[in-house]
Amino acid sequence: MFLGIEIGGTKLQLGIGPGDGSLAGLWRGKVDAEAGGDGIRRQILAAVPELLSSAGVLRSHLRGVGVGFGGPVDDIAQRVIKSHQIAGWNDFPLPDWLGEALQLPVVLGNDADVACLAEALFGAGRGLSPIFYITVGSGIGGGLVINGEIYRGLGRGASEIGHLRIFDHRPGQEPAFRPLEEITSGWAIGDYARRRLAKGDGADSLLRTYAGQVRARPGGETLAVPTPSEVAARGFDQLAAGDVAEAARQGDAFARQILNDCLAALAEAVCAMVVLLCPRRVVIGGGVSLMGEDLFFRPLRQMVAERIFPPFAALTDVVPAALGEAVVVHGALALARKRLKG
C-alpha cells in the first residue's frame, strides 16, 4: 500500500491504495490559507493516523508516499518551487520533511501532472496515448502523459497551458495578450461577468434580476441569490462562475455569451497545444468543467473544430475527466507505485 497526498490552494486530500486506481481510504480537509504551509503540514501529520485507522491499514503496510502539489516543483532536487496560493512553500524540501516525519520514502510531483497520469492509466485516457490533461478550476493547469509516463521537460515542468498567452479581445476588455488562466479560470469568468454588468451590459440578464432564490451549486453547496438592489449596492462582488452557469442553464443569453467568450480562449489554447503535440485525447477536469456537456464541452468542441489545424482535424478528441475529486490522489498513488517500487 501507498499513501497519496494532494496539496492544493483550497483543499487537502490523503488516500491509501495500491496505486492501481482503487482506494482503501480517503481523507478530505480544507486548507486554512492564513495558516500557510506550516498549517498544511500540521494537517497532514494529524490526518495520517486518522486515515490509517478509518481504512483499517497498518502503518507498517505503507511502502511509500506520493504527493501531488498545487504549484511548480523541481523533479531533480525534489523540492517545491513555490505555491501561487499559499505562503510558506518557497523552495521547500517537502519529500525530505515528509519522509523524516513518516519514516517513508516520498516522491513529489505537480498536481496536474499526476492527475494526468491517473486519467491516462485508470480514467478517460485509459489505453490511449498521448494524453493531455487540463484542469479548469480556480486556476488552470495541464499535464502530458506519453505511453504511461509524465512528460516533464527538463524537470521543472511542462504543459503549463494555463500560462499560455492568448490574445484577449472579449467585448468590454482592453485588447491584450493575457495568460489563459486570466481568461477562462473560474475566478476569471466571474470577474468578467461582474465587470460587464458594472458597465451596464446585460440589462435584461437574470444575473441582474435574481431575487431571493436559493439554489445548489455542484457539490451541494447552496447560494442565496441577492436582490437586484443588493447586487447593485455591492457592485456584483459576489457573482461567480457558478452563478453565470446557472443563469445560462435557465436560458439567459447574456450569461451564455459570457461563458462562450471565455471558452473561446480555451479553444485557442487547445488548438495551439494540438498543433505542437497532437495528442490522441484531451481530458478536461476541474470545477468549471462540471458545467457539463451543454454549457462547457459541446461549445468548446465546436470552437476547437472551427479553429483546428486542418491536417490534425478529428485526430484529437475532447472528453470530461472520469476520476472526479480524487484524481490527484489516484495520480499521487500511481506515481509512488512507479517510482518507489523497491
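Overview of values
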| quantity | calculated |
| --- | --- |
| The lone exception for GLY141 - which of (1) touching a helix residue (DSSP H, G or I) at 6+ places or on another chain (Cβ under 7 Å); (2) without any contact (Cβ under 8 Å) to a residue 24 or more places away in the chain; (3) not hydrophobic (A, V, I, L, M, F, W, C) it fails | (2) |
| Residues of the range 145-177 that turn out to be crowded, with 18+ Cβ neighbours inside 10 Å, within 20 Å of the chain's Cα centre (by Cα) and either more than 16 Å from ALA112 (Cβ to Cβ) or among the hydroxyl-bearing types (Ser, Thr, Tyr) (or both), as a count | 2 |
| Single match in VAL329, VAL274, VAL288 (criterion: in a helix (DSSP H, G or I), surrounded by 19 or more Cβ atoms within 10 Å (Cβ to Cβ) and not assigned by TED's automatic domain parsing to the domain that holds GLY186) | VAL329 |
| Residues of the range 40-61 classified as surrounded by 16 or more Cβ atoms within 10 Å (Cβ to Cβ) and assigned to a helix (DSSP H, G or I), total | 9 |
| The listed residue being in a strand (DSSP E or B) and either among the aliphatic types (A, V, I, L, M) or surrounded by fewer than 19 Cβ atoms within 10 Å (Cβ to Cβ) (or both), out of GLY68, GLY29 | GLY29 |
| Residue among ALA35, ALA47 that alone is small (Gly, Ala, Ser), assigned by TED's automatic domain parsing to the domain that holds LYS82, touching a strand residue (DSSP E or B) at 6+ places or on another chain (Cβ under 9 Å) and without any contact (Cβ under 8 Å) to a residue 40 or more places away in the chain | ALA47 |
| Selection from the range 305-324 of residues that are within 20 Å of the chain's Cα centre (by Cα) and of a type in the set (Val, Ile, Thr) | VAL318, VAL319 |
| Subset of the range 1-32 (residues that are among the aromatic types (Phe, Trp, Tyr) and out of contact with any strand residue (DSSP E or B) (no Cβ under 8 Å at 6 or more places or on another chain)) | none |
| Contacts under 7 angstrom Cβ, first residue in the range 173-199 being of a type in the set (A, V, I, L, M), partner at pLDDT 90 or above and not in a helix (DSSP H, G or I), 6 or more apart | ALA176/ASP168; LEU180/ILE140; LEU180/LEU164; LEU180/ILE166; ILE183/ILE166; ILE183/ASP168 |
| Cβ pairs under 6 Å, 6+ apart, first in the range 241-261 and touching a residue at least 24 places away in the same chain (Cβ under 8 Å), second surrounded by 18 or more Cβ atoms within 10 Å (Cβ to Cβ) and polar (S, T, N, Q) | ASP252/SER205; PHE254/SER205 |
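The values are calculated or read from the model by the stated rules, or taken from the named source; none is laboratory data. Because the structure is a prediction, the values reported are computed rather than measured. A quick note on method: Cβ atoms are made from the backbone with ideal geometry, for glycine too, and the neighbour counts reach across all protein chains shown.
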